[in-house]
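Single-structure report; data block below.
The values are calculated or read from the model by the stated rules, or taken from the named source; none is laboratory data. Note that the structure is predicted; figures quoted are calculated from it, not measured. FYI the Cβ positions are ideal-geometry reconstructions off the backbone, even for glycines, and counts take in every protein chain you see.
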Ligand code: FES
Ligand code: FES
């Protein structure tokens, strides 16, 4: 049963921040609410005040950052991103990721910011945004600050947001030339949360060597994570099947997954081992075309 | 056989317009004036003594109207096996002991659901936790905790089936295989959870609206448990959001709402939450299976022995039947000259296992069809060939058990063989697995031992020619209202729209045991057909008198035309005859009664349907993940009454049975079901659903109405086995425990690799 | 404590007062007695509660009623024009795309939204369109056939 609460529906960011500042920890933010309402129904979250930011239209946008990158308002729905004509070239991976995120109904209402703030290590957007080297902007009455996506989630369902802070924007920088990014997730039911998700972004240098690489894993640890050791295996080298296999191996050891109903720890490691080379190959193929 | 005018045609379901416009009113939708809302408090312990229940605080909460516990009941125990008191073991509201997580201990009625739920938190229950046991293999040990006092080794019930001389026969076999399997649980996941609105009035009469597969059973079980006379309880089944075997026993929603309503003389509604539905209603029976199979070199199966231990959960429920049927269907669909089965149902401190679509046969078919493929491989025989060699044929007697009249198994095998050939050479890591099955058309078990007919129907023709069909059959989505209306229209010679069906209301309908064991088409269909035939006989009497032909011609009615059989152009309108006949009866409507009770039809069922299924999978050998590419089914169910209905049953069965093979499971920790939500309980969705093809085989069942037999449950039997066999064909690994998850496949692939090295 | 909620449902304006915690599905079913919309899980997983909100399919069990303030909503009750069924409703009848019918409202709303957004979906897109909806009875394929028939223009829109 959901405990009743007082409901605020601010129309501007300023109003929302003022309310947040006023009610501090007694308030919770709701946006699409696709995850929060479930927690509230289970009684796991029972806020006194609910600040409903779904109606703040100033936070729903996709625009250019002026340098070939994108700025996405935190309240942009998954479906808007999926259907946006701006999700092409280096950003197409974002739309691809969104297509496999839950159901159309959920994507129509749920927002990318809400997904990130939920802090679920199995969420789809985080690994992709980490691979794309995206940053997050957070605002409070005191001001703004930014953080790379990879530093945003601190633990299971715990983020770096401080009391009084709101996630406002995601900046996805323009990928360097000759960069390809790809994402895949493993699950048993097609539209399900990831048992393991893997995103990779590869920038090819002279002679198709791996000039730069970012590999991000979902549902492979308490938070979405970068597989830096695996990246190191490939970085600066000419990519071969053997190296890719080694990177997969490395990623599977640096991952720190749990055993649960969906999969055992070993199986998750195994999946990381298989999916890292697969998706890196795909990223490389895209980099060649980019 | 003359052309049928109604049956076999693609028609709209009779409940269609209501359902596609959202105007069908389910129990879930009902609101009565003055209605209260109930909630049930359930045990958090798998096994505990109830020391004390203090309801005072809850009663004081504003808006709470009543709180009841086991003390407010008669203390009777419900069970469908009324002749065997020891098998009636479920109090529903526990008085002294709880036996699984979810066992009800108290219930509240309040002005709204929130208040009722709040009140649950205010009920103080003092428990003394007892040692608990979860696995049947543990529960049958000497020193295991006792789930029910005085039950030796926690064995709830055992079943033995035997014919021939099994031990002698094994001596004559060229090859013997012994294999072990484990079949998992499965949740029914009806989209409408269990719910009931019960209204008990000051005059001592009770009306129950409930989502059920048998208003008849609910009426009688409710009478047992409340002490009311059967006739004072009227059970009405509104449109029902699925059953699949989960809704034909008295459940906590019905019983608690009844007890609360009796306290208050006000209507009380209880709707189980999805979580309660997963944890505190019945589920498919998990089974440990030990199989021994012996054959001659040429593939002739000489002997089979099956030993089964099932996880019973806390109470008997319908478990005894599942135990029997899994044993019986372990011999299906083959002619074993020697066969022995021993099954044990063991009490455990887990949610109760019971009936679910297929009723023990999906388990036996999975294990049997898996082992048969292994045997075929050992002997170097084609899987279809070994099935052909041993498959049942028409007019076969299962020794001492059953007589099979119509049987199209061999035609089904031929069709599937063609299909597999047509698919030709498959891409790498694809495989097609085959699985054959049979199932019953209605069970010959009258659990209740009442003197009522198994199925009965009343047909009444009104002055305008409109026909009221009264039947106790329960349409839970499978479409019996439509099928029975079609049978009635065909027999009477009128159009489908002339029939108005009144079903599953014990106040006005004759009894019917309900929708289980695939019985409605054959059993209720026969009852309806007879009732309609009786009406027709009366009409034709009038017709004969009126038309007074000078020779004794036979009369018939077809498409609302009453005519001479040999000279169909000579006749009169059905409507005219109806008017005159009713006038001739002093204004009394034309009425016909019909019933069906199987006599001398063996121990299981009066008829059986058969089929063969081929499932194609594509395996990713690096992850073990496989896709269900296609499922093609050749099946026969006698005369097809309602073709749209059969397609739906078949495709729906693949979603459910494919899920049983592929992903559905109820993992537990210390008796706690870990995935009690649709998010965590994995179900096949549209993107996961394979292509499905149907190859219809013509048969005619002499025992069935117009030659029809079942086409609903049997279709859940073959899929898990077909998937298992397909995975083996694709990548050479055999998974003996359900569900066949990618993780298990990958593990097996790795082990296989290791062995190679 | 209760708050005002203005909605337009199936063309009809409503002005009601609800507790903030009221879910949209509850507002529709319990306050407006539009019981055609069902609830199968209450946790955003089954799709039985699907409705159209400002033209898009959403799960009404996972939206606070107040979040829909001012919105235009279409439920299953709003699909037929008078007594004439919508093309999808007719196609569902012809193809037997429902059995128990408990998922049907959600299925019809999901597919109606799909065709509003994309009148010519591919088979894959139809599958995606109903992937958020569980049907325990039909196995989905008859629903896909019904939508395909509508896409092919086999059913005329009611005037
Ligand atoms: S009730 Fe809303 S998705 Fe199930
Ligand atoms: S028709 Fe029963 S759930 Fe879809």
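Considering only the stretch C:131-140, I want to know if a residue exists there that is within 14 Å of chain A (Cβ to nearest Cβ) and touching a helix residue (DSSP H, G or I) at 6+ places or on another chain (Cβ under 6 Å). Write out each step before concluding.
So in the stretch C:131-140, the residues within 14 Å of chain A (Cβ to nearest Cβ) come out as C:131-135, C:140.
From what is left, the residues that are touching a helix residue (DSSP H, G or I) at 6+ places or on another chain (Cβ under 6 Å) are C:132-133.
Taking every residue of the stretch C:131-140 in turn, at least one turns out to be within 14 Å of chain A (Cβ to nearest Cβ) and touching a helix residue (DSSP H, G or I) at 6+ places or on another chain (Cβ under 6 Å).
Checking residue C:111 against (1) touching a residue at least 40 places away in the same chain (Cβ under 8 Å); (2) within 12 Å of chain A (Cβ to nearest Cβ), which single condition isn't satisfied?
(1)
Here are B:657, B:634: which of them is in a strand (DSSP E or B), in the same structural domain as residue B:404 (by TED's automatic domain parsing), at pLDDT 95 or above and in contact with a helix residue (DSSP H, G or I) (Cβ under 7 Å, 6 or more places away or on another chain)?
B:634
With respect to residue B:196, is the statement that it is in contact with a strand residue (DSSP E or B) (Cβ under 9 Å, 6 or more places away or on another chain) and away from ligand 1 (no atom under 16 Å from the Cβ) true? Quick ask: steps written out before the conclusion?
Details: in contact with a strand residue (DSSP E or B) (Cβ under 9 Å, 6 or more places away or on another chain): yes; away from ligand 1 (no atom under 16 Å from the Cβ): yes.
Taking the combined requirement at face value, the residue satisfies it.
Quick one: is residue A:1 touching a strand residue (DSSP E or B) at 6+ places or on another chain (Cβ under 9 Å), more than 28 Å from residue A:201 (Cα to Cα) and facing another protein chain (nearest Cβ under 10 Å)? Spell out the reasoning first.
Numbers: touching a strand residue (DSSP E or B) at 6+ places or on another chain (Cβ under 9 Å): no; more than 28 Å from residue A:201 (Cα to Cα): yes; facing another protein chain (nearest Cβ under 10 Å): yes.
So residue A:1 does not fit the description; no.
Give just the number: which of (1) touching a residue at least 40 places away in the same chain (Cβ under 8 Å); (2) within 14 Å of the chain's Cα centre (by Cα); (3) within 7 Å of chain B (Cβ to nearest Cβ) does residue C:98 not satisfy?
(2)
Which one of the conditions (1) more than 10 Å from ligand 1 (Cβ to nearest atom); (2) at pLDDT below 95; (3) under 27 Å from residue C:1 (Cα atoms) does residue C:42 fail to meet, given that it meets all the rest?
Among (1) more than 10 Å from ligand 1 (Cβ to nearest atom); (2) at pLDDT below 95; (3) under 27 Å from residue C:1 (Cα atoms), the lone unmet condition for residue C:42 is (1).
Looking for something surrounded by fewer than 23 Cβ atoms within 10 Å (Cβ to Cβ), within 14 Å of chain C (Cβ to nearest Cβ), in contact (Cβ under 8 Å) with a residue 60 or more places away in the chain and within 25 Å of residue B:37 (Cβ to Cβ) - is there at least one such residue anywhere in the stretch B:253-268?
Here is the first cut: in the stretch B:253-268, the residues surrounded by fewer than 23 Cβ atoms within 10 Å (Cβ to Cβ) are B:262-266.
Pick out the ones that are also within 14 Å of chain C (Cβ to nearest Cβ) and you get none.
No, the stretch B:253-268 contains no residue that is surrounded by fewer than 23 Cβ atoms within 10 Å (Cβ to Cβ), within 14 Å of chain C (Cβ to nearest Cβ), in contact (Cβ under 8 Å) with a residue 60 or more places away in the chain and within 25 Å of residue B:37 (Cβ to Cβ).
Give the number of residues within the stretch B:222-252 that are touching a residue at least 12 places away in the same chain (Cβ under 8 Å) and away from chain C (no Cβ under 14 Å). Quick ask: steps written out before the conclusion?
Filtering the stretch B:222-252 down to residues touching a residue at least 12 places away in the same chain (Cβ under 8 Å) leaves B:222, B:224-228, B:232-252.
Still in the list and also away from chain C (no Cβ under 14 Å): B:222, B:224-228, B:232-236, B:248-252.
Counting residues in the stretch B:222-252 that are touching a residue at least 12 places away in the same chain (Cβ under 8 Å) and away from chain C (no Cβ under 14 Å) gives 16.
State whether the residues of the stretch C:98-112 include one that is more than 23 Å from residue B:478 (Cα to Cα) and more than 16 Å from ligand 1 (Cβ to nearest atom).
yes
I'd like to check something: does the stretch B:132-155 contain any residue that is assigned to a loop (DSSP other than H, G, I, E, B), within 16 Å of ligand 2 (Cβ to nearest atom) and in contact with a helix residue (DSSP H, G or I) (Cβ under 8 Å, 6 or more places away or on another chain)?
Just the residues of the stretch B:132-155 that are assigned to a loop (DSSP other than H, G, I, E, B), to begin with: B:132-135, B:140-151.
Then drop every residue that is not within 16 Å of ligand 2 (Cβ to nearest atom), which leaves none.
Taking every residue of the stretch B:132-155 in turn, none turns out to be assigned to a loop (DSSP other than H, G, I, E, B), within 16 Å of ligand 2 (Cβ to nearest atom) and in contact with a helix residue (DSSP H, G or I) (Cβ under 8 Å, 6 or more places away or on another chain).
Just need a number here: residues in the stretch A:184-206 that are assigned to a loop (DSSP other than H, G, I, E, B), within 11 Å of another protein chain (Cβ to nearest Cβ) and touching a strand residue (DSSP E or B) at 6+ places or on another chain (Cβ under 7 Å).
As a first pass, look at the stretch A:184-206 and keep what is assigned to a loop (DSSP other than H, G, I, E, B): A:187-195, A:205.
Within this subset, residues satisfying the condition of being within 11 Å of another protein chain (Cβ to nearest Cβ) are A:187-193, A:195.
In the following step, the residues that additionally are touching a strand residue (DSSP E or B) at 6+ places or on another chain (Cβ under 7 Å) were identified as A:195.
Result for the stretch A:184-206: 1.
Output the number of residues of the stretch B:599-626 satisfying the condition of being within 27 Å of residue B:521 (Cα to Cα) and surrounded by fewer than 20 Cβ atoms within 10 Å (Cβ to Cβ).
First pass over the stretch B:599-626, keeping only residues within 27 Å of residue B:521 (Cα to Cα): B:599-614.
Now drop any that are not surrounded by fewer than 20 Cβ atoms within 10 Å (Cβ to Cβ), which leaves B:599-603.
The number of residues fulfilling the criteria is 5.
Mind checking which residues of the stretch A:20-36 are within 14 Å of chain C (Cβ to nearest Cβ) and more than 23 Å from residue A:107 (Cα to Cα)? Please lay out each step first, then the result.
If we filter the stretch A:20-36 for residues that are within 14 Å of chain C (Cβ to nearest Cβ), which is where we start, we get A:27-36.
Answer for the stretch A:20-36, where residues must be within 14 Å of chain C (Cβ to nearest Cβ) and more than 23 Å from residue A:107 (Cα to Cα): just A:27.
Looking for whichever is assigned to a helix (DSSP H, G or I), crowded, with 21+ Cβ neighbours inside 10 Å and within 16 Å of ligand 2 (Cβ to nearest atom) here; the options are C:113, C:105. Which one fits?
Details: C:113 fails: within 16 Å of ligand 2 (Cβ to nearest atom).
Exactly one residue qualifies, and that residue is C:105.
Need a quick list: strands (runs of 3 or more DSSP E) entirely within the stretch A:1-102 having at least 1 residues that are more than 17 Å from the chain's Cα centre (by Cα) and surrounded by 16 or more Cβ atoms within 10 Å (Cβ to Cβ).
Numbers: elements: A:6-8, A:27-30, A:49-52, A:62-64, A:70-73.
Here the list reads A:6-8, A:27-30, A:49-52.
Taking the stretch B:1-41 as the search range and keeping residues that are more than 14 Å from chain C (Cβ to nearest Cβ) and surrounded by fewer than 21 Cβ atoms within 10 Å (Cβ to Cβ), which one is nearest to the chain's Cα centre (by Cα)?
From the stretch B:1-41, those more than 14 Å from chain C (Cβ to nearest Cβ) are B:1-8, B:34, B:36, B:38-41; that's our starting set.
From what's left, surrounded by fewer than 21 Cβ atoms within 10 Å (Cβ to Cβ): B:1-5, B:8, B:34.
Values: B:1: 32, B:2: 33, B:3: 32, B:4: 29, B:5: 30, B:8: 24, B:34: 35 Å.
Checking each candidate, the answer is B:8.
Evaluate the stretch C:143-158: report whether one residue or more is in a helix (DSSP H, G or I), within 26 Å of residue B:27 (Cα to Cα) and touching a helix residue (DSSP H, G or I) at 6+ places or on another chain (Cβ under 9 Å).
The first filter runs over the stretch C:143-158 and keeps only residues in a helix (DSSP H, G or I), leaving C:143-151.
From the residues that got through so far, the ones that are within 26 Å of residue B:27 (Cα to Cα) too are C:143.
Narrowing the set further to residues that are touching a helix residue (DSSP H, G or I) at 6+ places or on another chain (Cβ under 9 Å) leaves C:143.
The answer is yes, given that some residue of the stretch C:143-158 is in a helix (DSSP H, G or I), within 26 Å of residue B:27 (Cα to Cα) and touching a helix residue (DSSP H, G or I) at 6+ places or on another chain (Cβ under 9 Å).
Among the candidates B:465, B:424, B:438, B:431, single out the residue that is in the same structural domain as residue B:367 (by TED's automatic domain parsing) and out of contact with any strand residue (DSSP E or B) (no Cβ under 8 Å at 6 or more places or on another chain). Walk me through it before giving the result.
On the way: B:465 fails: in the same structural domain as residue B:367 (by TED's automatic domain parsing); B:438 fails: out of contact with any strand residue (DSSP E or B) (no Cβ under 8 Å at 6 or more places or on another chain); B:431 fails: out of contact with any strand residue (DSSP E or B) (no Cβ under 8 Å at 6 or more places or on another chain).
After applying the criteria, what remains is B:424.
For every residue, the table says whether it meets (1) modelled with pLDDT under 95; (2) closer than 28 Å to residue A:52 by Cα; (3) within 16 Å of ligand 2 (Cβ to nearest atom).
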{"site": "C:48", "(1), (2), (3)": "no, yes, yes"}
{"site": "C:60", "(1), (2), (3)": "no, yes, no"}
{"site": "C:88", "(1), (2), (3)": "no, no, yes"}
{"site": "C:98", "(1), (2), (3)": "no, no, yes"}
{"site": "C:138", "(1), (2), (3)": "no, no, yes"}
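Would you confirm, using the coordinates I've provided, whether residue B:666 is away from ligand 2 (no atom under 16 Å from the Cβ) and either at the interface with another protein chain (Cβ under 9 Å from one of its Cβ atoms) or assigned to a loop (DSSP other than H, G, I, E, B) (or both)?
yes
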